[in-house]
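For reference, the structure is listed below as structure tokens.
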Amino acid sequence: MNLQIEKTLQEIKKGEKKLTIWWDIDGTLCSTDGKDYDNAEPDEAMITLLNSLYDHGHTIYIVTARGASSGINWKAITKQQLQKWGVKYHKLIMGYSKDLFVDDVCLRPEEFLNEVEI
């Protein structure tokens with residue numbers, strides 16, 4: 001595990017730092033069979049953890065790629081699901097599509113540069 005991620009996890013455990021946490025929905029907060037979002041099943045343990053982090057003052061952004069490739073607007077259904085499941089969050093970001101996130105913490109640019117040859 002990346003040393004920065006380990007440090008951040010320790011800070012969360014100790015309550016030393018308030019974070020902005022970007023949290024995916026499908027495969028993270030719920031299980032979804034393909035793109036059958038209507039029948040997604042919540043992951044109670046993950047939702048409990050997310051809500052605890054919210055209650056401890058962390059900022060929670062829910063992000064999802066729902067609709068990013070299809071153009072279908074899943075916002076109303078997604079908001080209903082989050083409310084039904086009792087998910088606490090500050091902002092919902094729809095159509096967020098990513099295959100890999102390169103930044104200066106999770107996957108540092110130089111690590112990516114050294115690992116990928118095109």
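Read-outs throughout are calculated quantities, based only on the coordinates presented, and are distinct from any laboratory measurement. Quantities reported herein were computed from a predicted structural model and do not represent experimental measurements. Every residue, glycine as well, gets a Cβ built from its backbone with ideal geometry; the counts of neighbours run over all protein chains shown.
Miscellaneous remarks
- Cα centroid separation, the range 1-43 to the range 46-64 (Å): 8
- Packing order of peptides 29-39, 55-65, highest average first: 55-65, 29-39 (average count of other Cβ atoms within 10 Å over each peptide's residues).
- Percentage, to the nearest whole number, of Cα pairs in the range 4-77 over 15 Å apart: 62
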